[in-house]
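Down below is the structure, laid out as structure tokens.
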Amino acid sequence: MKTQRLAAAVTFSVAVFALSACATQYDSLIKTVPVGSGTSHLATLPFVACVKVKWATRPLKIGEYSPNADGDVITVHGANGQTMLLIDAEPSGNGTGYTIYGDIVSASAYVADAHKCD
């Protein structure tokens, strides 16, 4: 019984650590100058689904998480797992507003892909 509790505690600790690492990378990217932004007529979840489909064809790995109840973030990870680019999508009056942050050579291609979901 104690072994199961210990295993559960370790698993929980690892998950919290992993999420905090994502949040730290997210925070550092958000403090940079955006590489793109826009608005979409789609609601947030359909917009995010559209962007994920477009970005999935690119060579870098993508991830997703929700920092709050309304918004969503799609991340692009390099070979070492570090977040290199992200799109922060939030509901707006007519759909979704989004901002893209990142520091990779191919950022313009990711921005163009996101605009295809406007």
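No lab work stands behind these numbers, since they all come straight from the coordinates. Remember, predicted model here, so these are calculated numbers, not experimental data. Backbone-built Cβ (ideal geometry, glycine too); neighbour counts: all protein chains shown.
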Could you name the aspartates and glutamates in cross-link range of LYS54, using Cα to Cα under 12 Å and dropping any fewer than eight places away on the same chain?
ASP113
Highest to lowest packing among 83-93, 59-69, 35-45, scored as the average C-beta count within 10 Å
83-93, 35-45, 59-69
FRET efficiency (SER37, ALA109; Cβ distance; R0 22 Å; to 0.05) is 0.90
